[in-house]
Amino acid sequence: MIKKCLFPAAGYGTRFLPATKAMPKEMLPVVNKPLIQYGVEEALDAGLSEISIVTGRGKRALEDHFDISYELENQIKGTDKEKYLVGIRRLLNECSFSYTRQTEMKGLGHAILTGRPLIGDEPFAVVLADDLCVNPEGDGVLTQMVKLYNQFRCSIVAIQEVDPQETNKYGVIAGDMIRDDIFRVTNMVEKPSPEDAPSNLAIIGRYILTPDIFDIIANTEPGKGGEIQITDALLHQARNGCVIAYKFKGQRFDCGGAEGYIDATNFCFENYYKTGKAY
Ligand code: UTP
């Protein structure tokens, strides 16, 4: 059973400057909740209650968010404002939170390796909180992926079809189709130009990884952009037939940039906030 979920959250968030100059990108609110809270809720809904967060300098607000604020609790105790804290209290009651710091930003692969002492030798999920994933009609994306892991017992990456002109923003896979929404990955390339892309199936910010990934990352040389790329480490597993790509059900918003962030805000306002499901 998978219990742990790792949130790499040490990046600089340069696409959202100046908002992210002194505030973690993961704390940007989508309507009334920070991005990271949506991610932790998705993890808990999938049964993953051991939350590990890789932070960096200037990210203390993340730890404070997942803690009790006694003054605030006292202030609103017994008032109708208590309803605003129902969701976050549930997370504090049902999840454990642990943190480690990535001192040098050497890429997503390196951030995941930094989380190794918190994860140990067991399969785990990875959530990039700036990819907000929703599926109001059914299971959350991580819940869907955990079910798939229980079937295949190997690393799983969530994918979606993207505009072929946009492959240079993603890790892109090639694979053998097992079902119309499931592929066994045969190749993957980090941020290929459209002419070099093996497909338009792009990896988004949800993964389930088997723990052998740590040794593989440790032996992975810096790749595209001089960073240690998780895509390169996953390719190693894929060559042994051990990576499944899954076209998830639901919607994903890239909240690391303004356009996706605004779309997510509009979606959450209509579907959660206005319908009273936002806390
Ligand atoms: P991104 O490239 O989307 O994040 O990395 P970024 O660097 O924060 O954003 P931009 O591109 O400058 O705007 C994907 C995820 O990996 C984490 C980021 O926090 C983000 O969640 N990450 C990336 C790390 O934790 N450490 C790194 O060294 C790099």
Margin query: Between Leu234, Leu201, Leu85, where does the largest GNM mean-square fluctuation fall for the chain, given springs only between Cα atoms within less than 10 Å?
Written below: Leu85
Item checked: Rounded FRET efficiency, nearest 0.05, which uses the C-beta distance separating Tyr12 from Tyr279 and R0 of 41 Å -> 0.85
Margin query: Could you check the spin-label model distance between Thr103 and Ile262? Points 7 Å from the Cα along Cα→Cβ, value in nm.
Written below: 4.2
Checklist line | Residue-normalised accessible area of segment 1-64, given per residue in Å² at a 1.4 Å probe | finding: 41
Next item on the list: Using packing as a proxy for protection, rank 108-120, 134-146, 72-84 so that the peptide with the highest average count of other Cβ atoms within 10 Å comes first.
Entry: 108-120, 134-146, 72-84
Notebook entry, point to check: Cβ under 9 Å from Thr231's Cβ, Thr231 left aside: what net charge do those residues give with Lys, Arg +1 and Asp, Glu -1?
Noted result: 0
Next item on the list: For Lys83, list the lysines whose Cα falls under 22 Å from its own Cα; do not include residues on the same chain fewer than 8 positions away.
Entry: Lys33, Lys274, Lys277
Item checked: Residue-normalised accessible area of segment 190-254, given per residue in Å² at a 1.4 Å probe -> 42
Next item on the list: Considering Cα pairs under 8 angstrom that are at least six residues apart, work out the relative contact order of segment 53-174 and quote it in whole percent.
Entry: 24
Notebook entry, point to check: Assigning unit charges at the beta carbon (Lys, Arg +1; Asp, Glu -1) and nothing else, what dipole magnitude in debye, to the nearest 20, does segment 1-122 show about its Cα centre?
Noted result: 480
Notebook entry, point to check: Using the C-alpha atoms of segment 28-174, what convex hull volume per residue, in cubic angstrom, is computed?
Noted result: 161
Check: Once both labels are modelled 7 Å past Cα along the beta-carbon direction, what's the Asp80-Ala22 spacing in nm?
Finding: 3.5
Note to self: Placing unit charges on C-beta atoms (Lys and Arg positive, Asp and Glu negative, everything else neutral), compute the dipole magnitude of the chain about its Cα centre in debye, rounded to 20.
What the structure shows: 420
Margin query: Cut-off under 14 Å on the C-alpha distance; same-chain residues fewer than 8 positions from Lys3 excluded. Which aspartates and glutamates are left, in chain and number order?
Written below: Glu41, Glu42, Asp45, Glu50, Glu94, Asp121, Glu122
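Over segment 1-65, what is the mean sequence separation of C-alpha contacts under 8 Å (at least six apart), divided by residue count, expressed as relative contact order in percent?
50
Tell me, rounded to the nearest percent, the portion of alpha carbon pairs in the chain spaced more than 27 Å apart.
Working: 14281 of 38781 pairs.
That fraction is 37 percent.
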Checklist line | Cα centroid separation - segment 22-40 against segment 235-278, whole Å | finding: 14
Notebook entry, point to check: With N residues in segment 160-203, what two-decimal value do you get for its Cα radius of gyration over 2.2 N^0.38 Å?
Noted result: 1.05
Item checked: Inter-label distance, nm, simple model (7 Å from Cα along the C-beta direction), Asp121/Arg153 -> 1.7
Next item on the list: State the antiparallel share, in %, of DSSP beta bridges confined to segment 1-101, rounding to the nearest 5.
Entry: 15
Check: Tally Lys/Arg at +1 and Asp/Glu at -1 over every other residue whose Cβ is under 13 Å from the Cβ of Lys21; what's the total?
Finding: +4
Margin query: I'd like the FRET efficiency for Glu137 and Asn187, computed as 1/(1 + (r/R0)^6) with the beta carbon distance as r and R0 of 41 Å, rounded to 0.05.
Written below: 0.80
Next item on the list: Could you work out which residue, out of Ala125, Ala218, Ala233, moves most in a Gaussian network model of the chain, that is, has the largest mean-square fluctuation with Cα springs under 10 Å?
Entry: Ala218
Notebook entry, point to check: Can you give the charge dipole size of segment 58-211 about its Cα centre, rounded to the nearest 20 debye, using +1 on the beta carbon of Lys and Arg and -1 on the beta carbon of Asp and Glu?
Noted result: 440
Item checked: Choice from Pro123, Pro18, Pro222 showing the highest fluctuation, given a GNM over the chain with Cα pairs closer than 10 Å -> Pro18
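The values are calculated or read from the model by the stated rules, or taken from the named source; none is laboratory data. The structure presented is a predicted model; accordingly, all values stated were derived computationally and were not measured. Positions of Cβ are generated from backbone atoms using ideal geometry, with glycine treated the same way; all protein chains shown enter the neighbour counts. Quick note on the areas: whole protein, heavy atoms, side chains included, nothing else; ligands and nucleic acids left out. Shrake-Rupley method; radii C 1.70, N 1.55, O 1.52, S 1.80 Å.
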